[in-house]
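Here is the structure we will look at, set down as structure tokens.
The values are calculated or read from the model by the stated rules, or taken from the named source; none is laboratory data. Worth saying up front: this structure is predicted, and the values here are computed from it rather than measured. Please note: Cβ atoms are built from the backbone with ideal geometry, for glycine as well, and neighbour counts cover all protein chains shown.
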Amino acid sequence: MRRPDGTDRGPGEAVRTGLLEGNMAPPGAAHGVGRSWLRSRSHGLSPERVAADAMLEQSHLAITRQRNERLIAFALPELENLHQQIAGTNSAVLLADASGVILERHGDPAFSQRSQRVALEPGACWGEAARGTNAIGLALAEGRSASVHGPEHFLACNTFLTCAATPIRHVNGEIAGLLDVSGDQPARQLHALGLVRMGARMIENRMLEAEYPQAVYLYFHARPELIGTLGEGILAIELSGRVLAFNQVAEAHLAGLPLDADFETLFDLRLDQLLSGTEERRILRTRQGLNVTARVRAPGVSMRNGPVIAAATPPAVADDPCPELHAGEPAFIKLMQRALRVFGQGIPVLLEGETGTGKERVARTLHERSERASGPLVSVNCAAIPESLAEAELFGYRPGAFTGASAGGAPGQVLKADGGTLFLDEIGDMPLGLQSRLLRALQERCVVPVGGTEPIPVDFALVSATHQDLAVCVEEGRFRADLYYRLCGLRVSLPALRERSDLEGLITRFLAAEAPDATLTEAALASLLNHRWPGNLRELHNVLRTALALREPGHPVAIDDLPASLQAAAPPRSEPVNTGAGGLREAEERCMLEAIAAHNGNYTAAARALGISRSTLYRRLRRQSPS
């Protein structure tokens with residue numbers, strides 16, 4: 001396509017010109033963009049309009065956030081995961097409610113100023129009626145994942161953006177909100193849509209697991225290595241055997257699965273027979289003849305309108321607690337066993353560790369293996385609560401307590417944890433003024449809502465987590481000493497990934513779970529083992545997920561499939577290095593280098609010949625090379 005002066009238009013310019021001229025299916029436009037432009041025009045919008053008026057006042061935003069507090073709580077871990085994944089790409093991760101109002105924004109500072117000019121921030125509505133064609137609006141209007149790039153946006157002011165969004169659905173199938181990645185990018189982000197889809201599925205699974213605290217949960221897959229991953233099917237079942245809810249994977253495994261189906265119509269045994277077994281995993285056969293491996297989580301609470309089933313005894317502490325966070329690391333296993341023993345006695349546990357070391361997963365394990373497992377696990381991100389709303393968020397408020405307060409009031413997160421576990425994440429970022437209120441609630445085990453006068457008793461177990469050293473914060477006056485000692489019954493320091501010996505095992509385990517046929521080239525493995533992993537387990541999972549998505553089908557994961565920061569972590573050089581550490585170390589290094597040369601650079605074969613693992617070979621060479 002050419003301009004009037006005879007010069008060629010770029011593909012993006014040609015797409016926009018076609019849309020402006022009424023061609024609703026110009027070559028190169030993303031799926032559904034043309035329909036969205038028609039809807040945008042029907043809403044009376046003009047491409048030159050600036051939608052600065054589609055913003056909620058702060059009081060209305062507070063009410064909207066309060067209505068969506070469960071969605072926000074379930075989504076925050078994935079927002080943080082995605083933010084780590086896209087860090088440095090001039091992008092932001094957004095959570096919107098079911099009407100397209102942005103509730104949360106986690107993004108790069110460099111992208112913040114420009115995105116705020118188009119109100120890509122909490123309180124802004126990005127439905128099609130307000131801002132025309134965009135990923136959030138298109139995904140909401142058509143109930144599916146959508147991407148919108150640059151000139152495909154209806155409003156001209158938004159054409160610098162490239163966006164990908166997907167709906168997050170309640171267990172009943174209705175849209176609860178939307179997850180979006182938006183950035184200032186010259187090209188369409190091909191991986192962004194896959195990332196938000198995975199993030200949304202994680203959020204949906206969390207919502208499903210929390211929806212029915214008295215239900216039996218069945219986790220299953222035809223391939224046993226996928227149990228515990230995003231690929232597992234999940235069923236929520238009444239103790240009477242009636243299916244309450246399921247995720248998309250379960251629906252795919254059990255074709256035509258209806259709600260209210262009976263467990264016995266799906267599998268070849270009764271639910272009480274399944275619950276009476278002692279095996280951690282069971283092989284079940286579906287009525288269609290498919291064998292699946294299953295794991296059961298049962299609260300042991302009888303239902304009012306069903307047969308009474310004896311309560312299951314609390315699970316004993318396994319020899320290998322929290323196996324998904326390690327691959328045979330003895331120090332980590334011992335650490336978890338100590339934490340489980342202490343928490344089981346009602347003693348608060350304080351988890352310290354760098355971002356991504358698994359603090360949230362450890363907190364969930366402590367709860368699930370305690371006598372309070374049938375109660376709620378309420379997670380509060382102390383760093384994410386606006387300071388002006390923090391007191392009401394934690395302790396609740398009475399009707400009319402402040403401008404914009406819900407007419408019915410709200411119980412607050414602490415009271416919601418009654419009978420279960422309260423998880424205070426990023427406790428080190430809690431404002432000093434709020435710390436005194438929290439201390440009083442912990443000491444007296446009661447809360448006084450904002451605008452109230454009468455204390456309300458509350459009973460919960462307590463887990464706290466922080467990436468900071470709270471003892472240092474106390475010394476510097478940034479954290480109350482009395483609150484610190486109240487939180488710190490046992491201090492558990494989770495090790496950074498670079499300090500652990502099971503990195504190669506974790507890589508192998510994750511690859512087997514996500515793609516059993518996947519392998520790594522020697523160069524890719526060397527880069528993974530040499531990387532410092534500042535984002536720890538979270539960064540490792542995200543890097544491997546992306547690498548699997550980018551690899552050529554049927555080929556190993558190559559170094560080109562890894563982020564640029566890891567590509568720079570090349571394998572150790574093969575020439576001898578004078579370490580100055582004496583003849584023994586030099587001799588050891590010479591043997592390793594000779595073995596590598598003898599096997600034509602094959603590190604696996606060299607390690608096998610030396611009688612050591614590949615990770616040990618890489619680690620020793622790296623340690624002996626000058627930094």
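For segment 226-256, a tally of residues being under 21 Å from Gly289 (Cβ atoms) and surrounded by fewer than 17 Cβ atoms within 10 Å (Cβ to Cβ) returns 5. Taken over segment 106-121, the residue count meeting the criterion of being more than 11 Å from Ser91 (Cβ to Cβ) and in a strand (DSSP E or B) is 0.
Per-residue answers, yes or no, for (1) crowded, with 22+ Cβ neighbours inside 10 Å; (2) closer than 27 Å to Glu104 by Cβ; (3) within 23 Å of the chain's Cα centre (by Cα):
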{"residue": "Ile347", "(1), (2), (3)": "no, no, no"}
{"residue": "Lys359", "(1), (2), (3)": "yes, yes, yes"}
{"residue": "Arg369", "(1), (2), (3)": "no, no, yes"}
{"residue": "Ala410", "(1), (2), (3)": "yes, yes, no"}
{"residue": "Ala417", "(1), (2), (3)": "yes, yes, yes"}
{"residue": "Glu426", "(1), (2), (3)": "no, yes, yes"}
{"residue": "Gln435", "(1), (2), (3)": "no, yes, no"}
{"residue": "Glu444", "(1), (2), (3)": "no, no, no"}
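Residue under question is Ala156, and the condition is that it be over 20 Å from Ile72 (Cβ atoms) and in contact with a Pro (Cβ under 6 Å, 6 or more places away or on another chain); does it hold? Yes. Listed by first and then second residue, the pairs with beta-carbon distance under 7 Å, at least 6 apart or on different chains, first residue in segment 485-508 and modelled with pLDDT of 90 or more, second surrounded by 17 or more Cβ atoms within 10 Å (Cβ to Cβ) and of a type in the set (Lys, Arg), are Leu494/Lys359.
Do any strands (runs of 3 or more DSSP E) lying entirely in segment 133-228 carry at least 3 residues that are assigned by TED's automatic domain parsing to the domain that holds Thr286, and which ones are they?
Per the criteria, 216-221.
Within segment 222-239, the set of residues being at pLDDT 90 or above and touching a Gly at 6+ places or on another chain (Cβ under 8 Å) comprises just one member, Glu238.
Yes/no per residue for (1) part of a loop (DSSP other than H, G, I, E, B); (2) touching an Asp or Glu at 6+ places or on another chain (Cβ under 6 Å):
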position: Gly428; (1), (2): no, no
position: Ser436; (1), (2): no, no
position: Glu454; (1), (2): yes, no
position: Val472; (1), (2): no, no
position: Arg478; (1), (2): yes, no
position: Arg486; (1), (2): no, no
position: Ala512; (1), (2): no, yes
position: Ala523; (1), (2): no, no
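Within segment 141-178, the set of residues being hydrophobic (A, V, I, L, M, F, W, C) and farther than 30 Å from Ile237 by Cα comprises Ala141, Ala146, Val148, Phe154, Leu155, Ala156, Cys157, Phe160, Leu161, Cys163, Ala164, Ala165.
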